[in-house]
């Protein structure tokens, strides 16, 4: 797979069995709070998380996130009680996790006066939501710019992928480059497709562009950056995610 000594791609996933209902939110080192519209909440929103959600109720997930951020929750309009979500991401902030959950469920959120409000865009106060979106986009845009500069640096190894699943390849890059990746569960079948490519002397940006623009992924996979994380999904879903951050 690569020319230096490293664990085989996919080793971390091989034989891994998770229960159908699994929710892990582990807070790690608290990042410094950045200025924003709700400074009392910024420290917790900036704190990195490890999130492992496999087909869990949305309402329970929001309760855990609200408790982690240190706020109360108002999500009566979030969805019906049967709504379930899947999201696996390590090392991204609580704010990024909230954005990705909203994206997955076609809902919206805002944080004001110590309350996490969650629901359809039409159910939330229009003026407050518009202001929250602008300020969120500005904050995450600054963080994304830092990650994009890292992705533009050359990958310090040659990568030879011969019959490797694209999901395993992306997880390998996540480990080797210390960049959080979110692989959209809705692309599961495509992500199981095997890769036959060789990369050397390229940046991670060039590698991702070259990989996902190649057959058979050109019309089925795309990627974007959200805060500290790289998100891989369908081109249509990537466009909708970018729209959330404008």
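The values are calculated or read from the model by the stated rules, or taken from the named source; none is laboratory data. Keep in mind that this is a model prediction, so the values were computed, not measured. Cβ coordinates were reconstructed from backbone atoms using ideal geometry, including for glycine residues, and neighbour counts include every protein chain displayed.
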Strands (runs of 3 or more DSSP E) wholly in segment 165-246 with at least 3 residues that are surrounded by fewer than 16 Cβ atoms within 10 Å (Cβ to Cβ) - which ones? 194-199
In this structure, does residue 109 turn out to be touching a residue at least 60 places away in the same chain (Cβ under 8 Å), in contact with a helix residue (DSSP H, G or I) (Cβ under 6 Å, 6 or more places away or on another chain) and either in a helix (DSSP H, G or I) or not assigned by TED's automatic domain parsing to the domain that holds residue 224 (or both)? no
Could you tell me which numbered condition residue 156 fails, if it satisfies all but one of (1) part of a loop (DSSP other than H, G, I, E, B); (2) buried (at least 16 other Cβ atoms within 10 Å of the Cβ)? (2)
Being touching a residue at least 60 places away in the same chain (Cβ under 8 Å) and surrounded by fewer than 19 Cβ atoms within 10 Å (Cβ to Cβ), is that true of even one residue in segment 117-131? yes
Taking segment 67-88 as the search range and keeping residues that are part of a strand (DSSP E or B) and modelled with pLDDT under 85, which one is nearest to residue 229 (Cα to Cα)? 75
For segment 135-143, check the following and say yes or no: at least one residue is in contact with a strand residue (DSSP E or B) (Cβ under 9 Å, 6 or more places away or on another chain) and over 21 Å from residue 88 (Cα atoms). yes
